[in-house]
Amino acid sequence: MLDLIIKNGTVVTPWSSFKADIAVKDSVIEAVGAASLFGRAKREIDAEGMYVLPGIIDPHTHFESPFMGCKGALDFYSGSIAGAFGGVTTFIDFTNSRAGHSVMASIRERREEMSKSCIDYGVHAKFVEAERPVLDEIKSIVEYGCPSFKMFMTYKKEGVMIDDEGMLSVMAEAKKWGGLPGVHAENNAIAESNVEKFIEEGRLEWEYFAKSKPNLCEMEAVQRVVLYARYTGCPLYIFHLSTAEGLSVIKQAQSEGVKVFTETCPHYLTLTREKYKQKDGHLYVMSPPLRGEQDLEAMWRGLGDGSISIIGSDDCTYSIEEKEMFLERDAEGNVKQDFTKIANGVQGIEARLMLLLEEGVNKGRITLNKLCEITSYNPAKTFGLYPQKGIIQKGSDADLVIIDPDKVREISHETLHHKVNYSIYDGRSVKGWPVVTIHRGRVIVENGEFLGSRGDGRFMKRKIRL
Ligand code: DUC
Ligand code: ZN
Ligand code: ZN
Ligand code: ZN
């Protein structure tokens, strides 16, 4: 007896969309075809008029990651629930590595914290330094199933920036053992000197946050690290690309055969730095900052032509209270604008799919097949989850999201699950909404209700083949 049959839906892959039924047994896909040939199931879901996509993979979240003096609103349980409502069935978060400590130990600590997740998860190993003991761990970190890394090219004052010597050493070592280093690409010197200058000039309004990190700040860092990739022969992942300039560097390198992959995030596809002119501009402070309209359109074009292959949410949700906790207030209680005192980060894991449906598919910027590719298939391929994840086929995990293309809803913090009383996407109307999320054959979201369980997620041991 099968556990579940999803009938009459349109199955979406990166290449095609076709009417088919899906049989699920023991948490995996047993067959894709005609239900008349399947036999009986404990449960059937009628997906007539709906799209069925492989579960969304979010390769970039920051849950339970204290940063810039703030704790963050989401832990691995609440974050995984927010994800499930956005069709996410697997996410990859980062270690909280510290200088002088074993990265392997920080992976183990992280796994412990992540064990409360209701969906599957992986760990990117973060390197904040590359002293010998840490470098010597790389082989075992890759073998342990955490072959993707993160390095910050900025945030020196926050104690997470790795220097260039360290970055080069990590890349050379990763090349030996099959690792995929990823970077947060912003030039620290440009960012820090601008902050100092704006402090001296008393220009601390939200707008100056974006001005402190102009497009060239990203472009320089991308250029430098791409050169390191070419020099070491190591593949490279650029997290949260935001500028047309950075993209042109990446395209050039890709055309010359350098293995460089990049993601962008929902906020760079839907919002611009105009937001920093608003009174509540601090709620939009994330790094890299929001950019101009031309950058936004360049990100969509990059997705279209394949130079940007992945969407990560970079979910790093803070409450308004946390965003404002270090700000002074005037006599009326209004916050005094000071961009240097705002924790960087915004929400995104839940609304990502809806935003891509509305701004991408409905507006004709990407197809539904492309959406499947950039949110599930490519992340699975790039980060070593494929074919267990990222595709609807016999033998793959039964991680699925059913989308009702006709359902019109407004995004609102009142109905999202971020546990904060605002959304940077509040008020946007979306046509197309995920209505059922299935994780390893179990329905975890249906009729607007969460039906999953704390601790149901599993650690994904990954092996990268690029
Ligand atoms: N950028 C953010 O906006 N938040 C967390 C870390 C980062 O690099
Ligand atoms: Zn980053
Ligand atoms: Zn991030
Ligand atoms: Zn929210």
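Structure above, values below:
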{"quantity": "Residue check for H413: over 24 Å from S17 (Cβ atoms), without any contact (Cβ under 8 Å) to a residue 60 or more places away in the chain and either open to solvent by less than 20 Å² (accessible area, probe 1.4 Å) or in a loop (DSSP other than H, G, I, E, B) (or both)", "calculated": "yes"}
{"quantity": "Failed item in (1) buried (at least 24 other Cβ atoms within 10 Å of the Cβ); (2) over 24 Å from E186 (Cα atoms); (3) touching a strand residue (DSSP E or B) at 6+ places or on another chain (Cβ under 7 Å), with A125 passing the rest", "calculated": "(2)"}
{"quantity": "Any hit, segment 243-261, residues being small (G, A, S), more than 16 Å from ligand 2 (Cβ to nearest atom) and in a loop (DSSP other than H, G, I, E, B)", "calculated": "yes"}
{"quantity": "Segment 437-457, subset within 22 Å of S396 (Cβ to Cβ) and without any contact (Cβ under 8 Å) to a residue 40 or more places away in the chain, residue least open to solvent (accessible area, probe 1.4 Å)", "calculated": "E446"}
{"quantity": "All helices (runs of 4 or more DSSP H) inside segment 293-390 with 2 or more residues being open to solvent by less than 10 Å² (accessible area, probe 1.4 Å)", "calculated": "293-305, 352-355, 368-372, 378-382"}
{"quantity": "Any hit, segment 92-106, residues being more than 30 Å from T154 (Cα to Cα), of a type outside the set (G, A, S) and touching a helix residue (DSSP H, G or I) at 6+ places or on another chain (Cβ under 9 Å)", "calculated": "no"}
{"quantity": "Residue tally, condition within 16 Å of ligand 4 (Cβ to nearest atom), out of contact with any helix residue (DSSP H, G or I) (no Cβ under 8 Å at 6 or more places or on another chain) and hydrophobic (A, V, I, L, M, F, W, C), over segment 285-334", "calculated": "1"}
{"quantity": "Contacts under 6 angstrom Cβ, first residue in segment 233-245 being on the phi > 0 side of the Ramachandran plot, partner surrounded by fewer than 22 Cβ atoms within 10 Å (Cβ to Cβ) and at pLDDT 95 or above, 6 or more apart", "calculated": "G233/K175"}
{"quantity": "Residues located in segment 193-211, provided they are under 17 Å from E158 (Cα atoms) and under 26 Å from the mean Cα position of the chain (by Cα)", "calculated": "F209"}
{"quantity": "Residues of segment 423-436 satisfying the condition of being under 19 Å from K323 (Cα atoms) and open to solvent by 20 Å² or more (accessible area, probe 1.4 Å)", "calculated": "D426"}
{"quantity": "Residues of segment 145-191 that turn out to be open to solvent by 40 Å² or more (accessible area, probe 1.4 Å) and either of a type in the set (D, E, K, R) or within 12 Å of ligand 1 (Cβ to nearest atom) (or both), as a count", "calculated": "9"}
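Every residue, every condition in (1) closer than 19 Å to I6 by Cβ; (2) in contact with a strand residue (DSSP E or B) (Cβ under 7 Å, 6 or more places away or on another chain); (3) within 16 Å of ligand 3 (Cβ to nearest atom); (4) modelled with pLDDT of 95 or more, yes or no:
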{"position": "I411", "(1), (2), (3), (4)": "no, yes, no, yes"}
{"position": "L416", "(1), (2), (3), (4)": "no, no, no, yes"}
{"position": "K419", "(1), (2), (3), (4)": "no, no, no, no"}
{"position": "I424", "(1), (2), (3), (4)": "no, yes, yes, yes"}
{"position": "V430", "(1), (2), (3), (4)": "no, yes, no, yes"}
{"position": "I444", "(1), (2), (3), (4)": "yes, yes, no, yes"}
{"position": "R454", "(1), (2), (3), (4)": "no, no, no, yes"}
{"position": "R458", "(1), (2), (3), (4)": "no, yes, no, yes"}
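The values are calculated or read from the model by the stated rules, or taken from the named source; none is laboratory data. Note that the coordinates shown come from a computational prediction; the quantities given were computed from them, not determined experimentally. Cβ sites come from the backbone with ideal geometry, for glycine too, and all protein chains shown count toward neighbours. Surface areas here come from the heavy atoms of the whole protein model, side chains and all, with no ligands, DNA or RNA. Shrake-Rupley method; radii C 1.70, N 1.55, O 1.52, S 1.80 Å.
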